[in-house]
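Enquirer: Handing you a structure now.
The values are calculated or read from the model by the stated rules, or taken from the named source; none is laboratory data. Just so you know, these numbers come straight off a predicted model, no measurement behind them. With ideal geometry, Cβ positions are generated from the backbone for all residues, glycine too; neighbour counts draw on all protein chains shown. For accessibility, only protein heavy atoms count, side chains too; no ligands or nucleic acids. Shrake-Rupley method; radii C 1.70, N 1.55, O 1.52, S 1.80 Å.
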Amino acid sequence: MAVKRGSGGGTVVLVGRPNVGKSTLFNRITGSRRAIVTPIAGTTRDVIAQPAEWQSATFTLVDTGGMFGASEDPLHDLVVQHGRRALETADVIVFIVDGREGLVPGDEEIAAALRGAGAPVVMAVNKTDDRRARGRALEFYKLGFEPVVEIAAEHGQGVGDLLDEVTTRLPARRDGAKAAEPAETAVAIVGRPNVGKSSLLNRLLREERSIVSDVPGTTRDTVDALLRWHKRTFRIVDTAGIRRPGRVARSGQLEAVSVLVARRAIEQADVAVILIDSTEGATDQDAAIAGEADKAGCGIIIAANKWDLMKGRGADFSKTFDDELRRNLKFLEYAPILHISAATGERAGKVLETIDRVAEARTRRIPTAELNRFVQAVTAVHPPASPGRKHVRILYAAQTSVAPPTFVFFTNIATEFHFSYERFLVNRLRESFGLMGTPIRVQVRKRG
């Protein structure tokens, strides 16, 4: 990994216990041998600074030496004094911990000192190339810093990801990010043949981009188009209709390839709009398509098309229709239902608005402190079931990833929850943090 030298742009300070790999990381990022690396704890006394650059972002990298931890060095007090002065000037702090050793009291002492530092903290779990460190990175979420990045400074693994996180938090990048537009949102319009996918795409684009006909299977390729809406950019993909496997086999190789491409579009989508024919309701094939989207982890919207043909069926028809739809697609209780007409344009604008909300929810990150306040409140009223004599307690939780939001719950003894309690947690998470239209993944770990 090549990191060019540069200057300006802010100050990034490395901190951590002795011998966790600060100097190794310093040398890796700066491309120098400025910091002396030995197995002896406390080798680095001085506060060493060196210019560095990553992806056109320049900054000054500072290694604070052994300012934390016990030391018999007669100059230790001076090392600490210089280190504190460096922390006061930091724009970003990289808190390095040892993945082999796991979370130790010394890390908690440093964490307490960094909480009042006033600069964003990125946690780097080093030495994760060692098999002893596998899975131990999750322990460090307890300290409450985000993000947590796994690295192996000696070999350069994960250092690029760490620098991506660091540079986005530098003052120049933070200021520039306010003016930058959000990234494209990938949207896949999926469903059975002839439910109106191409008509919906054309309605949203307000142009005849896809060929529309009454012949099922008109669209064979995925047709994608960029759409700008309220300063958002959507890349909308109109996929081929996905039929039952038996029908695909009878239709020949061409349609089989089209279906494969459609499934790939689902896997790459941020949001899938599952189009249902209102005149027929949800079928088994609709459920299979929805299952593909749920498994892929993309946000999901259920759009009941041809709603203009359902008018005049009574005041309660809409509720009855939705209840039946929920029964047939019961695993998608989190997906919003829209009643639309691609032919007339009825509620087409609502589709774009809902896509935007679901895409945002899918990438939302919940601060660790806020998440653990949620855990305390929820478990106080409804604790997990305890199958044995010892009560199961949720000790703390952390969100480990987004797209879809993934949460790890650390317990005293349990490695899994009853499916009904997991569903309860997922529903409360969705309600508390507005995670509309996105799958939520839950993992349970026994604290080591």
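Enquirer: When the chain is fully extended, how far beyond the present Cα-Cα distance does residue 395 get from residue 267, taking 0.36 nm per residue of separation?
Expert: Stretched out fully, the residue 395 to residue 267 stretch lengthens by 42.7 nm.
Enquirer: Next up: Where a Cα-Cα gap under 24 Å defines reach, which lysines qualify for residue 390, not counting those fewer than 8 residues away within the same chain?
Expert: 142, 446
Enquirer: Enumerate the whole-percent occupancy of each 10 Å bin, from 0 to the last occupied one, for all C-alpha pair distances of segment 256-328.
Expert: For segment 256-328, the binned pair fractions read 18, 46, 27, 9, 1 percent.
Enquirer: While we're on this one: Remind me, what semi-axes does segment 274-402 give for its equivalent ellipsoid, largest first in whole Å, using sqrt of 5 times each Cα gyration tensor eigenvalue?
Expert: Semi-axes from the Cα gyration tensor: 37, 18, 14 Å.
Enquirer: Under a plain spin-label model, where a point goes 7 Å from the Cα along Cα-to-Cβ, how far apart in nm are residue 225 and residue 183?
Expert: My value for the distance between the label points is 2.5 nm.
Enquirer: Next question. Mind checking the per residue accessible area of segment 335-448 for me, 1.4 Å probe, whole number of Å²? Write down the numbers at each step before the final one.
Expert: Numbers: 5520 Å² over 114 residues.
Result: 48 Å² of accessible area for each residue.
Enquirer: With the other protein chains left in place, how much accessible area per residue, in square angstrom, belongs to segment 84-135 at a 1.4 angstrom probe? Don't skip to the end; give the middle numbers.
Expert: Values: 2420 Å² over 52 residues.
In whole numbers, segment 84-135 has 46 Å² accessible per residue.
Enquirer: Counting Lys +1, Arg +1, Asp -1, Glu -1, what net charge surrounds residue 17 among other residues with beta carbon under 11 Å of its beta carbon?
Expert: -4
Enquirer: I want to make sure I understand the PRE zone here: with the label point 7 angstrom from the Cα of residue 415 toward its beta carbon, which residues in segment 131-148 have backbone N atoms less than 18 Å away?
Expert: Within reach of a label on residue 415: 132-139.
Enquirer: For segment 362-439, give the percent of accessible area contributed by carbon and sulfur heavy atoms, probe 1.4 Å, rounded to a whole number.
Expert: Working: 2120 of 3950 Å².
Roughly 54 percent, rounded to a whole number.
Enquirer: Sticking with this one: Determine which lysines satisfy two conditions relative to residue 197: a Cα distance under 25 Å, and not lying fewer than 8 residues away in the same chain.
Expert: Result set, ordered by chain and number: 231, 295, 306, 311, 319, 330, 350.
Enquirer: Still on this model: Which percent, to the nearest 5, of DSSP beta bridges fully inside segment 294-448 are antiparallel?
Expert: 45 percent
Enquirer: Follow-up question, since we're still on this one. Could you sort 145-153, 49-57 so that the peptide with the highest average Cβ count within 10 Å comes first and the rest follow in order?
Expert: Highest mean packing first, the order is 145-153, 49-57.
Enquirer: Moving on to the next point. If you average the alpha carbon positions of segment 308-329 and of segment 91-140, how far apart do those two centres end up, in angstrom?
Expert: 53 Å
Enquirer: Also, quick follow-up: Kindly list the residues of segment 400-432 that lie in the label zone of residue 446, defined by a backbone N under 13 Å from the point 7 Å along the Cα-to-C-beta vector.
Expert: 411-417
Enquirer: For segment 353-431, evaluate the Debye formula with one uniform point scatterer on each Cα (no solvent term) and list log10 I(q)/I(0) at q = 0.15, 0.17, 0.22 Å⁻¹, rounded to two decimals.
Expert: For segment 353-431, the Cα-only Debye profile gives -0.57, -0.71, -1.08.
Enquirer: Loop-only trypsin sites (Lys or Arg not before Pro) in segment 279-367, please: DSSP not H, G, I, E or B, and at most 13 other Cβ atoms within 10 Å. Present the calculation step by step, with values, prior to reporting the outcome.
Expert: Details: sites: 295, 306, 311, 313, 319, 326, 327, 330, 347, 350, 357, 362, 364, 365; in loops: 306, 311, 313, 347, 364, 365.
Listed in order of number, the matching sites are 311, 313, 365.
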